1. So between Ala392 and Tyr189, what do we pick up on full extension, going 0.36 nm a residue minus the alpha carbon distance?
2. Once both axes come from the Cα atoms, what is the angle between helix 22-33 and the longest principal axis of the chain, in degrees from 0 to 90, rounded to 10?
3. Express the Stokes-Einstein translational diffusion coefficient of the range 72-143 in µm² s⁻¹, to the nearest whole number, given a Kirkwood radius over alpha-carbon pairs, 25 °C and a viscosity of 0.890 mPa s.
4. Over the chain, with every protein chain in place, what whole percent of the accessible area is carbon and sulfur at 1.4 Å, could you tell me?
5. So, in nm, how far is label Thr100 from label Ala146 when the simple model puts each one 7 Å beyond its Cα toward the Cβ?
6. If you take the beta carbon distance between Gln456 and Gln476 as r and set R0 to 22 Å, what does 1/(1 + (r/R0)^6) give as a FRET efficiency, to the nearest 0.05?
7. Quick check: the angle from helix 112-123's long axis to the longest principal axis of the chain, C-alpha only, nearest 10 degrees?
8. Report D for the range 313-355 in µm² per second (integer): Stokes-Einstein, Kirkwood Rh on Cα pairs, 20 °C, 1.002 mPa s.
Amino acid sequence: MTTYFPESTRNDLDVLVVGYGPVGASLAALLGRYGVRALVIDKMADILLAPRAIALDNEALRILQMAGLTDQSFARIGIQEVNLHCPYLGRFGHINTQGTVDGHPKLVTFYQPDLERALRQQVTTFPNIQVCGELELMDLQQTSEAVTARVRDSSGGEHLIRARYLVGADGASSRVRSLIGQEFQGQTYAEDWLIVDASRRENRAIDHVEFICDPKRPTPHMPAPGGRERWEFMLQPGETREHMEQTETLATLLAPWVQPEDLTIERHAVYRFHARCCDRFQNGRVFLAGDAAHITPPFVGQGLVAGLRDAANLAWKLAWVSQGKATPAILDSYDQERRPHARQMIDLAKMMGRFVMPRSTGSALAIHGFMRLVNLIPPARTYFEELKVKPANRFKRGLFCPGRSRSRIARGGQLAQDLVRTDNQILLSDDLLGDRLTLVGIGIDPQPLLNASLRQSWEAAGGQLLHLGLRGQPRQGTTAFAEIIGNGLVAGAPKGWLAVVRPDRVVMHDGPPAQASALVTASLRMLQY
Ligand SMILES: Cc1cc2nc3c(=O)[nH]c(=O)nc-3n(C[C@H](O)[C@H](O)[C@H](O)COP(=O)(O)OP(=O)(O)OC[C@H]3O[C@@H](n4cnc5c(N)ncnc54)[C@H](O)[C@@H]3O)c2cc1C
């Protein structure tokens, strides 16, 4: 962490991010990209090494791509399948995670400290982002103009930091959340879990994710990069943290899979899981993101993923407002768009929890038996196997034009991503969309469809034009151009179609070329009112 220390009062900050965990770091990398002047503070000097997130989905990887990370930035293992086993009935559930969506594997495992290091490295590339460790937020006050945070350094000195907006990415025990009067609603599970991460498991770890759904000792189990393997053991009534963390206990727990000499225990920790969310992710100029806003049991690996979705949704809005390209009213759409989906993911994790940790032999037989029967019905099996059970990240309300066009492009959902070819390279389409609002012409150059004055207003609002040519279609005119190679990008769009895409890849509007001016005008209006 850099040793930069803020002056006791700063007046030129757009955003103060409290918390430099993976969500604060992703937000900082995105704010950096959009040119926002931000300061990130964390009460710790370095990243947390405790065993936490291990799985990420394609949506998370797409956001990390947006934040500037590449396939090489941190190691991952592509997971092909997830199996659920019942001790009495055998395998009762199977999830197919083969293949890619939007240019990324459906499921990978990773090592959280590596990801956090990569994000922090990325943040250092932006001169507009300052980072300061060992600085704890103590209090905050907001006015109609700004937020002032009182922070304490490691020697007990106190300082004031003033910023136009503050984001609490300060984790599950968020002080920002308390300071804005938000409490977590939801439930805390009665059971504790022991997480064990082992190393030296190269070529010996399993190659998929399995859940042993034994009511006596539910145990999720999976591989991770760097020759690592993880087991998660639910504690039985009467078992204590101290007992579970003893070397002999660990050896006994792992005995069905591996002998102590065949691994090194790298880290372990006991956690209690929660399924909680707060009522509002925003209070005036203060926002909550990541675990500060919602926490979920890790059964579907969506805690951090949800936090990354928060960062992607909020970062560009803060940038547009700070830079005068949009009205502050658009910030209300953050809570509107993100909270319902975060809640849906928590509900999914709770449902998975019922499969993973049945209360008794009877309930295991009933729940797992029911799932085996469901799997006999092909559409129901596909629903689970192909992850259609996972709630789509598509908003019902928010910063997009409601309604449907005759294309299959979903307003309020994300534009798909796939490969495109420019004059000199093949790349993923998001890398071409970059960090601006984009009027995308699919099979048509959008430039001649707008008059000069509207084009100017679009550019002033951070907009750009992009012509995505259908296969074999040549470049026309001077508009940025790429040829679509992958089939996924605009599947379902008629030839010659327009879509207005936000910097977080959410489709704001779409329609036929004849409506080009109306689409841009309506989008500008949404940013301004
Ligand atoms: C066992 C386990 C397994 C998990 N598995 C998965 C998984 O597979 N996939 C997944 O997506 N998620 C998973 N998660 C969830 C994931 O780990 C979290 O959602 C994620 O780490 C939260 O990141 P964050 O940045 O919001 O919070 P944190 O990582 O908690 O970061 C918060 C930061 O804020 C700082 N801070 C706190 N208070 C202050 C203050 N007052 N002033 C300044 N700084 C402060 C802290 O020091 C910390 O650095 C798992 C969690 C657990 C426990």
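The values are calculated or read from the model by the stated rules, or taken from the named source; none is laboratory data. These numbers were taken from a predicted model, which means no experiment stands behind them. Cβ sites come from the backbone with ideal geometry, for glycine too, and all protein chains shown count toward neighbours. Just so you know, the surface numbers come from the protein's heavy atoms only, side chains and all, with ligands and any DNA or RNA stripped out. Shrake-Rupley method; radii C 1.70, N 1.55, O 1.52, S 1.80 Å.
1. Working: separation 203, 0.36 × 203 = 73.08 nm, distance 2.61 nm.
Full extension from Ala392 to Tyr189 adds 70.5 nm.
2. 20 degrees
3. Working: Rh = 16.7 Å.
Approximately 147 µm²/s, per Stokes-Einstein.
4. On the way: 10960 of 21590 Å².
After summing per-atom areas, the C and S share lands at 51 percent.
5. 4.6 nm
6. Numbers: r = 21 Å, r/R0 = 0.97.
Result of the calculation: an efficiency of 0.55.
7. Value to nearest ten degrees: 20.
8. Numbers: Rh = 11.9 Å.
So the translational diffusion coefficient is about 179 µm²/s.
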